[in-house]
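Here's the structure, in structure tokens; my notes come after.
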Amino acid sequence: QVQLVESGGGLVQPGGSLPLSCAASGSIFSIVVMGWYRQAPGKQRELVTTITSGGSTWYADSVKGRFTISRDNAKNTVYLQMNSLKPEDTAVYYCNAIIASDSDYSPSPYWGQGTQVTVSS
């Protein structure tokens with residue numbers, strides 16, 4: 001069994017910063033890629049950023065230059081540092097990872113429980 005547990009989130013003023021983290025645990029053989037999605041009220045879930053095991057990153061245009069994703073492979077943890085936050089960043093943020101378990105070695109997607117980020121004055 002594989003689990004993703006998120007931490008962080010909360011209320012921040014526009015222009016502020018907020019860190020998120022997500023730790024994977026359980027029967028993990030390897031983690032191919034980790035990332036973050038977000039879903040605002042009334043909108044579809046969208047991909048925000050990803051990072052591979054080798055450290056290659058991708059960002060949605062809407063967050064480039066403001067968000068930074070990083071990863072600690074030894075801890076199976078991914079981090080998201082969000083700076084210069086805007087009201088339109090308000091959403092539930094979900095951690096996602098493609099993980100091969102040590103039971104069948106087949107990469108599958110796993111999701112965190114989601115954490116609310118609200119940007120408001």
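Bear in mind that the values in this text are calculations on the coordinates, not laboratory data. Keep in mind that this is a model prediction, so the values were computed, not measured. Positions of Cβ are backbone-derived with ideal geometry, glycine not excepted, and every protein chain shown enters the neighbour counts.
Need one number: % antiparallel among DSSP beta bridges in the chain, to the nearest 5.
That works out to approximately 95 percent antiparallel.
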Residue among Ile69, Trp36, Gly16 farthest towards the positive dipole end of the chain, charges placed on Cβ | Gly16
So what's the net charge close to Thr90: Lys and Arg +1, Asp and Glu -1, counting the other residues with Cβ under 12 Å from its Cβ?
-> +1
Cα point-scatterer Debye curve for the chain, base-10 log of I(q)/I(0) at q = 0.10, 0.14, 0.18 Å⁻¹ | -0.29, -0.55, -0.87
Which whole-Hz ³J(HN,Hα) couplings does the stretch 93-99 yield from phi under the Karplus relation 6.51 cos²θ - 1.76 cosθ + 1.60, θ = phi - 60°, glycine and proline marked x?
-> 9, 10, 7, 9, 8, 9, 10
Compute the length gained on full extension between Gln39 and Thr118: take 0.36 nm times their separation in residues and subtract their Cα-Cα distance, giving the result in nm to one decimal.
-> 27.3 nm
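Just add up the charged neighbours of Val119: K/R +1, D/E -1, any other residue whose Cβ is under 14 Å from the Cβ of Val119.
Numbers: positive: Arg38, Arg66, Lys86; negative: Glu88, Asp89.
It works out to a net charge of +1.
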Per-pair calculated FRET efficiency, R0 = 30 Å: Tyr105 and Lys64 via Cβ, rounded to 0.05 | 0.30
Amide H neighbours of Lys86 under 5 Å, at least 5 residues apart or on other chains, H built in the peptide plane: list them.
-> Gly15
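Quick one: net charge of Thr49's neighbours, Cβ under 13 Å, K/R +1, D/E -1?
+1
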Rounded Å value of the spacing that divides the Cα centres of the stretch 1-63 and the stretch 82-121 = 3 Å
Rg over Rh [alpha-carbon atoms, Kirkwood Rh] for the stretch 1-57 = 1.02
